[in-house]
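Peer 1: Provided herewith is a single structure, encoded as structure tokens, for subsequent inquiry.
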Amino acid sequence: MAADKLKDRAVAMAKPKAKPYKLADGGGLYVEVMSNGSKFFRLKFRHGGKEGRMTFGAYPLKGLAEAREDARAAKKRLAEGVNPVHERKQEKIGATSGTFAALFEEWFEVKRPDWADLNIKKIRQIAERDLLPWLGARPVAELKAPEVLACLRRIEARNSLDVARRACQIVGQVFTLAIATGRAEMNPAGSLSKTLKKPVAGRRAAITDPAEVGEMLRAFASYRGGLVVKTALHLSALTWVRPGELRRMEWADLNLDAGEWLVNVESRKLTKVKKRTAAPHWVPLSAQAIEHLRALRPLTGRGRYVFPNGRGNARPMSEGGVLGALRSLGIAKEKMCAHGFRATASTLLNQQGWNPDAIERQLSHIETNAVRDAYNRATYQDERRRMMQSWADYLDSLASGSSKVVPIRAAA
């Protein structure tokens, strides 16, 4: 067997022929001399009953002794039941898929179906402008917190504090995927949010001028993005519940004949502790709200959610649904946000003289204790039902553009 082994001189002196030919070294290792003069070290082997070949490199960049070492390592993996060719391919894939840019794209594609178009655009913008130019080519296994923080500090330097926090969240979620798939062992963004500057809290944008409210409502009527989102726009104005509560509205929680909606506890923005004692939030439905819901029921009434996700009925509409609709109608973010309907109603109803306690109760700003919640619901129920119907009528008047609109006052 030893006599059959090649010598370095034999490999060096091998001349090309009209067709490629082989110089055997033994044990499946050979040199293939190509017709153009190139020489490659290859290993012939069998795995799982099938023949395979593996190339180790070209002579003289790789020498005979080194090729023999490669062959011994490959045979060891074969003895362990591993196909060395497949293993090499996986290593090559891992070398490129282990970069932050590759992991971001993988995470982005997994999450994309759950997002609204506006959210997709925003996340892509943050990644391409603020993250990928500095982190994209870096292997996630090598990224450390100081490097990520430096990236976030660049965003803070232009006073985009909310964007910096969003970018930190994106990095954290990408690393959650990296850790779960064995491509990283730690999340460098895990505690960085505590080091970032806090944005100064401000009031959410809301239209409170009656004439501008009327313009907004008329824009709703011209919305062409689909009945589900269009109805959500109208219900946002008519019920002024929190955006998360509205998008997770379930048909099972509605009683259209009685004109009421019990917002289930899981949809409410409460801590886990408060949810233990909280009761559903009671929302009286105006005739206009009921009309919109009855019109939508043939379309979504067979499912769980009143406003299902456009990419799958098993999930509710995305958090960007109403917000995206507002922007598509040309309503600027400085003027109105999805949460702003609450401020619009609260401001105008207080100006009209309605009981502030009833307004606050309708905003679900008071009790989460089940007993007191039931008591307060009974205390203000009639007044709140009148208030919500008057509010709906008032919105109709504003939408009509009538110059004779007079604010509706609470009954004595």
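Peer 1: Please find, among N159, N119, the residue that is surrounded by fewer than 13 Cβ atoms within 10 Å (Cβ to Cβ) and either among the hydroxyl-bearing types (S, T, Y) or modelled with pLDDT under 90 (or both). Talk me through it step by step, then tell me what you get.
Peer 2: Working: N119 fails: surrounded by fewer than 13 Cβ atoms within 10 Å (Cβ to Cβ).
Selected residue: N159, the only one of N159, N119 that is surrounded by fewer than 13 Cβ atoms within 10 Å (Cβ to Cβ) and either among the hydroxyl-bearing types (S, T, Y) or modelled with pLDDT under 90 (or both).
Peer 1: So, one more: Are any residues in region 242-261 assigned to a loop (DSSP other than H, G, I, E, B) and either touching a helix residue (DSSP H, G or I) at 6+ places or on another chain (Cβ under 8 Å) or among the small types (G, A, S) (or both), and if so, which ones?
Peer 2: Taking region 242-261 and keeping what is assigned to a loop (DSSP other than H, G, I, E, B), we get 242, 248-249, 256-259.
Hits for region 242-261 are R242, R248, M249, L256, A258, G259.
Peer 1: Suppose we filter T208, T231 for residues that are within 29 Å of the chain's Cα centre (by Cα) and of a type in the set (S, T, N, Q); which single one remains? Lay out the reasoning, then the answer.
Peer 2: On the way: T208 fails: within 29 Å of the chain's Cα centre (by Cα).
Selected residue: T231, the only one of T208, T231 that is within 29 Å of the chain's Cα centre (by Cα) and of a type in the set (S, T, N, Q).
For every residue, the table says whether it meets (1) aliphatic (A, V, I, L, M); (2) farther than 21 Å from M317 by Cα.
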| site | (1), (2) |
| --- | --- |
| E147 | no, yes |
| A157 | yes, yes |
| A211 | yes, yes |
| S222 | no, no |
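Peer 1: Output the residue which, of all residues in region 123-138 that are touching a residue at least 12 places away in the same chain (Cβ under 8 Å) and basic (K, R), is farthest from C168 (Cα to Cα). Let's see the steps before the verdict.
Peer 2: Our first condition is that a residue be touching a residue at least 12 places away in the same chain (Cβ under 8 Å); within region 123-138, this holds for 123-124, 126-127, 130-132, 134-138.
Pick out the ones that are also basic (K, R) and you get 124, 138.
Working: R124: 14, R138: 16 Å.
Here the answer is R138.
Peer 1: I'd like the full set of residues that are of a type in the set (A, V, I, L, M, F, W, C) and more than 13 Å from L233 (Cα to Cα), limited to region 336-363. Steps first, answer last, please.
Peer 2: From region 336-363, those of a type in the set (A, V, I, L, M, F, W, C) are 336-338, 341, 343, 345, 348-349, 354, 358-359, 363; that's our starting set.
Selection gives A343, A345, L348, L349, W354, A358, I359, L363.
Peer 1: What residue, of R68, R88, is more than 16 Å from R138 (Cα to Cα), basic (K, R), touching a strand residue (DSSP E or B) at 6+ places or on another chain (Cβ under 9 Å) and modelled with pLDDT of 90 or more?
Peer 2: Values: R88 fails: modelled with pLDDT of 90 or more.
Going through R68, R88 in turn, just one is more than 16 Å from R138 (Cα to Cα), basic (K, R), touching a strand residue (DSSP E or B) at 6+ places or on another chain (Cβ under 9 Å) and modelled with pLDDT of 90 or more: R68.
Peer 1: Another question, if that's okay. Those residues that are out of contact with any Lys or Arg (no Cβ under 8 Å at 6 or more places or on another chain) and buried (at least 16 other Cβ atoms within 10 Å of the Cβ), I need them from region 124-135; list them, please.
Peer 2: A127, L131, L132, L135
Peer 1: Consider only pairs whose beta carbons are under 6 Å apart and that are at least six residues apart or on different chains; among these, list those whose first residue lies in region 57-73 and is over 15 Å from K5 (Cβ atoms) and whose second residue is part of a helix (DSSP H, G or I).
Peer 2: Y59/V11
Peer 1: Specify which of the listed residues (A232, A295, A332, A278) is at pLDDT below 90, in contact with a helix residue (DSSP H, G or I) (Cβ under 8 Å, 6 or more places away or on another chain) and assigned by TED's automatic domain parsing to the domain that holds M216. Steps first, answer last, please.
Peer 2: On the way: A232 fails: at pLDDT below 90; A295 fails: at pLDDT below 90; A332 fails: in contact with a helix residue (DSSP H, G or I) (Cβ under 8 Å, 6 or more places away or on another chain).
Residue meeting the stated conditions: A278.
Peer 1: Only one of (1) modelled with pLDDT of 90 or more; (2) surrounded by 14 or more Cβ atoms within 10 Å (Cβ to Cβ); (3) not aromatic (F, W, Y) fails for K22. Which number is that?
Peer 2: (2)
Okay, residues lined up against (1) in contact with a Gly (Cβ under 9 Å, 6 or more places away or on another chain); (2) over 23 Å from L135 (Cβ atoms); (3) surrounded by fewer than 19 Cβ atoms within 10 Å (Cβ to Cβ):
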| site | (1), (2), (3) |
| --- | --- |
| T195 | no, no, yes |
| E215 | yes, yes, yes |
| A219 | yes, yes, yes |
| S222 | no, yes, yes |
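Peer 1: If you don't mind, another one. Counting only residues that are surrounded by fewer than 16 Cβ atoms within 10 Å (Cβ to Cβ) and either touching a Pro at 6+ places or on another chain (Cβ under 9 Å) or among the aromatic types (F, W, Y) (or both), how many does region 9-19 have? Talk me through it step by step, then tell me what you get.
Peer 2: Initial filter on region 9-19 (surrounded by fewer than 16 Cβ atoms within 10 Å (Cβ to Cβ)): 9-10, 12-13, 15-19.
With the extra rule that they be either touching a Pro at 6+ places or on another chain (Cβ under 9 Å) or among the aromatic types (F, W, Y) (or both), the set shrinks to 12.
Final tally of qualifying residues: 1.
Peer 1: Here are the criteria: (1) modelled with pLDDT of 90 or more; (2) exposed (fewer than 12 other Cβ atoms within 10 Å of the Cβ). Tell me which single one K50 does not satisfy.
Peer 2: The number of the failed condition is (1).
Peer 1: Further question: Cβ-Cβ under 8 Å, sequence separation 6+ or interchain: first residue in region 181-200 and closer than 17 Å to W107 by Cα, partner modelled with pLDDT under 85 and surrounded by 10 or more Cβ atoms within 10 Å (Cβ to Cβ). Which pairs?
Peer 2: R183/G94; R183/S97; R183/G98
Peer 1: Say whether the condition of being part of a helix (DSSP H, G or I), exposed (fewer than 13 other Cβ atoms within 10 Å of the Cβ) and not assigned by TED's automatic domain parsing to the domain that holds G324 is met by at least one residue in region 140-147.
Peer 2: yes
Peer 1: Within region 209-223, track down each residue that is at pLDDT below 90 and more than 16 Å from L296 (Cβ to Cβ).
Peer 2: The answer is S222, and nothing else.
Peer 1: Would you please list the contacts, defined by Cβ atoms under 6 Å and residues six or more apart or on different chains, that run from a residue in region 341-361 that is assigned by TED's automatic domain parsing to the domain that holds H234 to a residue that is of a type in the set (F, W, Y)?
Peer 2: F341/W240; R342/W240; A345/W240; A358/Y380; R361/Y380
Peer 1: Across region 280-335, which residue is surrounded by the fewest Cβ atoms within 10 Å (Cβ to Cβ) among those that are of a type in the set (S, T, Y) and over 15 Å from A237 (Cβ atoms)?
Peer 2: Within region 280-335, the match that is surrounded by the fewest Cβ atoms within 10 Å (Cβ to Cβ) is S328.
Peer 1: When you check M186 against the structure, is it out of contact with any Leu (no Cβ under 6 Å at 6 or more places or on another chain) and outside any helix (DSSP H, G or I), yes or no? Give the derivation first.
Peer 2: Working: out of contact with any Leu (no Cβ under 6 Å at 6 or more places or on another chain): yes; outside any helix (DSSP H, G or I): yes.
Yes, satisfied.
Peer 1: Here is a follow-up. Does V171 meet the test of being surrounded by 14 or more Cβ atoms within 10 Å (Cβ to Cβ), closer than 30 Å to W240 by Cβ, of a type in the set (A, V, I, L, M, F, W, C) and at pLDDT 90 or above? Can you show your working first?
Peer 2: Working: surrounded by 14 or more Cβ atoms within 10 Å (Cβ to Cβ): yes; closer than 30 Å to W240 by Cβ: no; of a type in the set (A, V, I, L, M, F, W, C): yes; at pLDDT 90 or above: yes.
When the stated conditions are applied, V171 does not pass them.
The values are calculated or read from the model by the stated rules, or taken from the named source; none is laboratory data. Note that the coordinates shown come from a computational prediction; the quantities given were computed from them, not determined experimentally. Heads up, the Cβs are rebuilt from the backbone with ideal geometry, glycines too, and the neighbour counts pull from every protein chain shown.
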